[in-house]
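Derivation of every value follows stated rules applied to the coordinates shown; laboratory data play no part. Just so you know, these numbers come straight off a predicted model, no measurement behind them. Cβ: placed from backbone, ideal geometry, glycine included. Neighbour counts: every protein chain shown.
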Amino acid sequence: MTDYGDTINRPRVGILVFDGVKLLDFVGPAEVFHEASQRSPGYEIVLISVGGGEVTSSMGVKVGVHSSVEDAGQLDTLVIPGSEQAPGVFTTEVIDAVRVLAARSRRVASICTGAFAVAAAGLLEARSTTTHWKFASTLERTFPSVTVSRDAIFVQDGRFHSSAGVAAGIDLALALLEQDYGADVARNVAQLLLVYMKRSGTQSQFSVSLKGPPARSPIAQYVTDFIHEDPTRSRSVQDIARHAKLSPRHLTRIMREELDTTPLEYVNAIRLDIAVSRLESGASVNEAATTAGYRSSVSLRRAFVSRFGITPSEYQKRFQTSRSDEVA
């Protein structure tokens with residue numbers, strides 16, 4: 001945690017905006033930094049454009065700014081929001097601006113497709129980043145030297161931070177706030193904004209039922225509906241195949257072709273989503289394991305570590321809301 005004490009010189013957060021910028025990509029994080037002033041010395045927020053003039057957002061709203069790139073000065077944090085029009089929206093001037101401002105900043109944070117601009121500026125060579133799942137493949141193809149964490153909400157690699165999208169930008173801003181002013185301040189700001197304390201960067205961008213392409217054929221839809229009826233029931237590939245009147249081999253081929261997974265992987269992913277939901281609602285690890293159909297809490301622990309890199313207990317501590325504070 002950075003010790004700012006009672007200094008008058010608040011950390012400066014510079015947000016680079018440009019024609020085509022997505023409003024929520026920068027307004028969400030900006031609100032986190034703004035609300036921080038109610039629980040800490042807060043931040044000085046500076047909206048920046050290349051030439052210092054107003055820009056037009058992707059939905060046609062005019063956005064005024066405080067400074068040009070040239071006059072922005074030193075920044076503690078540089079935020080690069082994204083756009084649905086990426087990567088074409090990031091002109092040479094915008095990319096040059098990212099490069100110049102990043103050199104004056106302690107840390108750089110991209111929101112959604114803002115990662116394209118940071119990568120184009122040559123700042124992510126041999127580094128890890130994330131973006132919205134819809135743009136992950138394009139980012140990988142465009143910048144092969146950058147490691148794209150497709151399923152992460154936000155990622156930190158050195159002084160570079162990135163987030164997956166609109167809501168994830170708020171998660172990232174809360175994480176940065178916690179680094180600066182501590183967990184209590186971040187939790188209080190989350191409470192003021194009526195959001196979770198903070199989701200981990202390793203949390204999946206979406207649940208298994210939303211991941212990947214939808215089932216196309218009637219038989220694949222029939223199989224997934226059957227699994228969703230009761231994913232906690234002990235099922236083998238043979239059980240599922242028998243119900244669908246298919247051979248196990250044929251069932252596995254259909255699941256791989258249409259859903260890019262196997263029957264058991266699909267079942268296990270749904271179970272893990274159930275366990276996550278139970279933990280977030282306050283259930284114990286044992287209760288979550290039982291409800292989700294795991295044989296024991298040890299089995300749930302293995303699944304958690306494999307997918308998130310942390311244990312269920314660590315997950316619950318990290319993602320608990322401020323509900324206990326409200327009761328108190």
Counting only DSSP beta bridges with both partners in the range 12-192, the antiparallel fraction in percent, to the nearest 5, comes to 20 percent
Q85 versus M59: modelled label distance in nm, points set 7 Å from Cα along the beta carbon direction: 1.6 nm
Can you give the local net charge around G293? Use residues other than it whose beta-carbon is closer than 10 angstrom to its beta-carbon, Lys and Arg +1, Asp and Glu -1. +3
The chain, Gaussian network, Cα under 10 Å: of G52, G82, G158, the residue fluctuating most is G158
Relative contact order (percent, whole number), the chain, Cα cutoff 8 Å, 6+ residue spacing: 13 percent
Label R233 and A167 with points 7 Å out from Cα along Cα→Cβ: what is the distance between them in nm? 3.0 nm
Quick one: net charge of V89's neighbours, Cβ under 12 Å, K/R +1, D/E -1? -3
Could you compute the FRET efficiency for R216 and K317, with r as their C-beta to C-beta distance and R0 at 41 Å, rounded to 0.05? 0.50
So for R0 = 35 Å, FRET eff. of H66-R141 from the Cβ-Cβ r, to 0.05, ends up at 0.45
Fully extended contour minus Cα-Cα distance, from H250 to H34, at 0.36 nm per residue: 72.2 nm
Just add up the charged neighbours of G42: K/R +1, D/E -1, any other residue whose Cβ is under 9 Å from the Cβ of G42. 0
Considering the chain as a Gaussian network with a 10 Å cut-off on Cα pairs, which listed residue, S296, S162, S149, attains the greatest mean-square fluctuation? S296
Lys pairs, the chain - Cα-Cα below 16 angstrom, 8 or more residues apart or on other chains: 4
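Can you work out the FRET efficiency for the pair H243 and L23, with r the C-beta to C-beta distance and R0 = 35 Å, to the nearest 0.05?
On the way: r = 47 Å, r/R0 = 1.36.
Taking R0 as 35 Å, the efficiency between H243 and L23 is 0.15.
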